[in-house]
Structure formats: C-alpha cells, structure tokens
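A short worksheet on the structure shown next.
The values are calculated or read from the model by the stated rules, or taken from the named source; none is laboratory data. As the structure is a computational prediction, the values presented were derived from the model and not from experiment. Note that each Cβ is placed from the backbone with ideal geometry, even for glycine, and that neighbours are counted across all protein chains shown.
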Amino acid sequence: MKIEFEKWIESKIDSKEITEDSGDLFKEAISCYKFSAYRSAFIMSYIAFQQILKKRILTSTNHSSKFKDSYWNTICSFLNDEDEWDKKVAECVKKYDPDRVFTISPSVVTEYDAYRVIRNRCAHGKSGKVSYCNVECFWNFIQDNFYKFVINGGKDGIIELIETHYDRTLTAPGKDPTYIADSISQYLSEDDIRDVIEKFYNYCKDKNDSLMMFYDRGIAVDLWDKLVNESRKRIQDIIIDFIKDKEQLCEFAERYPSTVSKFLNDPKFVRPFWTDRIKKYKSDREGVMLFIEKLINGNYIEPDEMFEFSKNVYKCLGFDFPKDKVELLKKTDYFELLKDRLLGLSHFDYPDGINFANRNVKYIIRYIKYFDMDLKAVECINKVFSFATFGEFYDRIKDLMKQSEFYEKYKAIVDENGMTDYFAPEDESDDDNDGSSDSE
C-alpha cells in the first residue's frame with residue numbers, strides 16, 4: 001500500500017519537478033521507512049531534498065541582478081564539488097540579505113536547520129532517538145515548502161526572459177516558450193507567480209490590441225497556451241483567479257473553454273457575473289455564450305431569478321442570438337424579451353419607424369424564420385407597409401412573401417383579423433413565383 005508522501009513524490013517525478021536521481025533516493029527512503037529503518041529513511045530523504053535545492057541553484061538563470069557573476073560562479077563551483085556541495089547548499093539556505101540566495105522566511109530557515117541537526121544525528125551515530133515521527137515531519141516540511149525555496153530575483157529574471165523571447169530583434173519568431181513556462185513553474189513561489197502573471201498580462205496588453213490578447217495572432221499567446229493548458233494546477237488556479245475581473249475574461253474563456261467550470265466553481269464570481277458583468281461582454285459572443293450555457297444547464301440560476309437573468313442575457317446578446325443556441329435560450333425568457341423589443345409596435349410608428357425597420361429587418365426576418373409568422377409580426381409588417389413603398393425593409397419583406405410558406409401564414413392571419421393584405425398576387429403568373437430564400 002502506498003503512503004501519501006510516496007504518491008506525492010511520484011506526482012513530482014511524473015511532472016519532472018524532481019529528477020530521477022532525487023526520486024530514486026526518496027523511493028529508497030520510503031522503503032527504509034516501511035521497514036522501520038528510520039535513520040536511513042531520514043538521511044535518504046535529506047540528501048534527496050538537498051539535491052533538489054542544489055539543482056535549483058545550478059539551473060537558475062534568473063538570479064538577482066545584485067549578485068556579481070563572480071559571486072554566483074563561486075557558489076556553483078562549490079556545488080559541483082562532490083565533497084563540498086551539501087555544506088554549500090546549507091550555507092545558501094541560511095544566507096540573508098544582501099547575499100540571500102533563497103527567498104524564504106526566517107522561520108523556514110530555522111526549521112530547515114533543525115532538520116539538519118537530526119540529519120547529523122543520523123549520519124554520525126549521535127545519541128538521541130530518531131523515530132517515524134521525525135521522518136514524517138520532515139516529509140511534511142518538504143511538501144509544505146517545496147515551492148517556497150525560490151531563487152532570489154527569479155521573477156525579475158523571468159520577466160526579462162519573456163521580453164527577450166518576444167523581441168524580434170533578439171529572438172527569432174516561433175521559438176518554443178516551454179523553457180519560460182518551466183521556469184515559472186519550478187523557480188517561483190505562488191506570490192511571485194502572481195506578480196509575473198500580472199506583469200506578463202500588462203506586457204501583452206501593451207503589445208497587442210487589448211481585445212486580441214488570446215487570439216492566434218496575439219503576441220505571446222503561445223506562452224499563455226503553455227501556462228493554461230500544460231502547467232500544473234497551482235499555476236492554472238493563479239491565472240484563473242487573476243483573469244476573473246479582467247475585460248478579457250470571455251476572450252480568455254473562448255480560447256480555453258475548459259476553464260469556464262473553474263470560474264463558476266467560485267460562488268463569489270457567479271452572482272456578480274450574471275447580475276452585472278455579463279452585460280459588458282457584447283463583443284465576446286463565443287466566450288460569453290460558454291458562460292451562459294454553463295449557467296443555464298448547471299442550474300446556477302434560481303427559478304425565481306430566471307427572468308432577471310434573461311434580461312441580462314438579452315442586454316448582452318440583443319437581437320442577434322446565436323442560431324445554434326436557440327434550444328438553450330428557450331430555457332430562459334430571452335425570446336419573450338426579444339419579441340417584445342424587436343416587434344413592439346411603437347418602434348414602427350410613422351415616420352421614424354421605417355428607420356428602425358430598415359436597420360433591423362435581418363433580425364425581424366430571422367425571428368420569423370425561427371418562430372414562425374404570428375400576429376405580432378404581421379402587425380409590424382402591415383404598419384410599415386401602410387406608409388412605406390421602398391427601402392430595405394420593404395424589399396426584403398416582399399421577397400420573403402414570395403415564398404408560399406410565409407405568405408400563406410401571413411394571409412391566414414390578415415384574413416382572420418380583418419387586416420389589409422399587402423402581398424396579394426395581382427395575377428396568376430405571380431402564383432408561380434416562389435422567390436428565393438432570404439439570407440440571414
């Protein structure tokens with residue numbers, strides 16, 4: 001049976017956050033632990049953790065600019081010495097400003113130093129009991145602080161990496177940004193990741209049209225893809241939390257549809273979004289519809305609030321509903337609101353009514369095609385035709401009525417209600433003219 005730490009180690013090996021060498025040492029430590037060889041388990045775990053810290057220093061290209069190259073190179077030379085590296089790692093952990101190597105708190109340093117004392121007790125046969133609790137406490141320390149041992153100055157170096165990578169005078173277009181994503185994942189604490197994401201976002205806003213950041217032609221969209229689609233959960237969570245209140249939210253969701261559920265998992269996000277913010281995303285149709293669909297099908301809206309929700313959906317979509325979402329929107333009051341706004345008779349009063357009719361004829365015809373010719377549509381048509389003899393509305397409605405299926409429904413309504421038939425054929429030849437389907 002696998003213990004929790006064993007599962008955690010395996011996940012870090014799979015994600016390449018721990019090298020195979022360190023992973024093998026941890027596996028050996030776990031085997032020793034299971035056989036109650038606690039001193040051996042502690043030593044193996046300690047060496048493995050030291051190796052992780054050593055690798056972070058040696059592979060970091062983003063150390064603080066305050067360090068002279070000669071200072072950093074001296075540290076690395078000791079770390080490459082088989083007899084000196086362990087002691088040098090411990091020294092690096094305990095360095096404070098201005099020579100701080102790791103951006104960790106004094107309390108973490110104190111705890112680390114206490115575990116080094118236990119390691120010496122194990123290695124040198126000193127008196128004092130070492131039990132399973134010592135090993136488990138050290139494993140907890142490793143898990144709790146795994147992402148806290150960050151190289152000082154790392155976030156500034158990564159921002160510089162990003163700027164260099166996307167500067168065409170310094171880097172050829174199309175270079176894989178995986179190394180930047182890996183640096184963010186491996187060498188930054190969560191607070192530093194938040195700072196880097198914010199600076200990266202602002203960098204993209206400066207370099208792009210702000211509403212094109214997450215489209216294929218957006219500068220640095222390939223790095224966003226790496227961070228959202230391929231990075232570890234903690235980075236994805238930080239990005240999602242950051243984007244929640246940004247104007248590019250729906251643009252982001254359109255590119256990364258799987259994130260919509262994650263946004264909606266936050267109750268503090270859901271209600272402000274549908275009661276207010278949804279109205280602001282009129283230009284991000286695909287993205288906002290992903291949210292609308294999840295809100296409806298996921299039963300996020302209480303039945304007694306559905307009308308309010310529908311009003312806000314209408315304010316977002318207006319007359320132009322997506323044709324592939326008709327059945328979805330029928331679950332709301334959207335189409336009732338649309339009918340009232342689009343076919344309200346007051347919009348068609350003489351003389352300005354012709355302007356409204358001409359401007360919106362494509363939506364009126366679209367509504368008729370989806371929801372059939374009804375009394376309200378006929379009233380609007382007749383009201384305009386009572387005073388208009390030309391214009392886009394006039395021409396397109398006449399073309400529509402050449403299609404027998406629409407004219408027959410129109411005629412049945414006007415006959416039933418004693419209304420004027422403006423489209424009655426003048427002679428038999430007109431009966432054979434089916435017309436052509438009006439495009440949406």
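Restricting attention to region 132-145, the residues that are of a type in the set (Asp, Glu) and buried (at least 16 other Cβ atoms within 10 Å of the Cβ) total 1. Of the candidates ASP395, ASP427, ASP415, the single residue that is at pLDDT below 95, surrounded by fewer than 18 Cβ atoms within 10 Å (Cβ to Cβ) and of a type outside the set (Phe, Trp, Tyr) is ASP427. Looking only at residues of region 182-203 that are over 15 Å from the mean Cα position of the chain (by Cα) and modelled with pLDDT of 90 or more, we find that the one that is surrounded by the fewest Cβ atoms within 10 Å (Cβ to Cβ) is ASN202.
Take residues that are within 37 Å of the chain's Cα centre (by Cα), under 24 Å from GLU136 (Cβ atoms) and not basic (Lys, Arg) and tell me which of the helices (runs of 4 or more DSSP H) falling wholly in region 1-94 contain 1 or more.
4-14, 20-34, 38-59, 85-93
Can PHE149 be described as in contact with a Leu (Cβ under 9 Å, 6 or more places away or on another chain) and under 24 Å from GLU91 (Cβ atoms)? In short, yes. Filtering region 285-299 to residues that are of a type outside the set (S, T, N, Q) and assigned to a helix (DSSP H, G or I) leaves ARG285, GLU286, GLY287, VAL288, MET289, LEU290, PHE291, ILE292, GLU293, LYS294, LEU295, ILE296. Listed here are the helices (runs of 4 or more DSSP H) enclosed by region 204-284 that have at least 2 residues being farther than 30 Å from ASP14 by Cβ: 249-255, 267-275. Suppose the filter is touching a residue at least 24 places away in the same chain (Cβ under 8 Å) and either touching a helix residue (DSSP H, G or I) at 6+ places or on another chain (Cβ under 6 Å) or not hydroxyl-bearing (Ser, Thr, Tyr) (or both); does LYS279 pass it? Here the answer is yes, as LYS279 does meet what is asked. Selection of region 95-126 for residues being in a loop (DSSP other than H, G, I, E, B) and of a type in the set (Phe, Trp, Tyr) yields only TYR96.
Residue under question is LYS280, and the condition is that it be under 19 Å from ASN312 (Cα atoms) and surrounded by fewer than 13 Cβ atoms within 10 Å (Cβ to Cβ); does it hold?
Considered against the rule, which asks whether it is under 19 Å from ASN312 (Cα atoms) and surrounded by fewer than 13 Cβ atoms within 10 Å (Cβ to Cβ), LYS280 comes out as no.
Screening the candidates ARG271, ARG232 for the property of being out of contact with any Pro (no Cβ under 6 Å at 6 or more places or on another chain), in contact (Cβ under 8 Å) with a residue 60 or more places away in the chain and more than 21 Å from VAL326 (Cα to Cα) yields one hit, ARG232.
Tell me yes or no: at least one residue of region 158-178 is among the aromatic types (Phe, Trp, Tyr), touching a Lys or Arg at 6+ places or on another chain (Cβ under 9 Å), in contact (Cβ under 8 Å) with a residue 40 or more places away in the chain and part of a loop (DSSP other than H, G, I, E, B).
There is at least one residue in region 158-178 that is among the aromatic types (Phe, Trp, Tyr), touching a Lys or Arg at 6+ places or on another chain (Cβ under 9 Å), in contact (Cβ under 8 Å) with a residue 40 or more places away in the chain and part of a loop (DSSP other than H, G, I, E, B).
Filtering ALA388, ALA357 for residues that are in the same structural domain as ALA424 (by TED's automatic domain parsing) and in a helix (DSSP H, G or I) leaves a single hit, ALA357. If you filter region 303-362 down to residues that are under 16 Å from GLU293 (Cα atoms) and of a type in the set (A, V, I, L, M), you find that the one that is surrounded by the fewest Cβ atoms within 10 Å (Cβ to Cβ) is VAL326.
Here are some residues: LYS129, LYS148. Which one is basic (Lys, Arg), part of a loop (DSSP other than H, G, I, E, B) and surrounded by 13 or more Cβ atoms within 10 Å (Cβ to Cβ)?
Unique residue meeting the criteria: LYS148.
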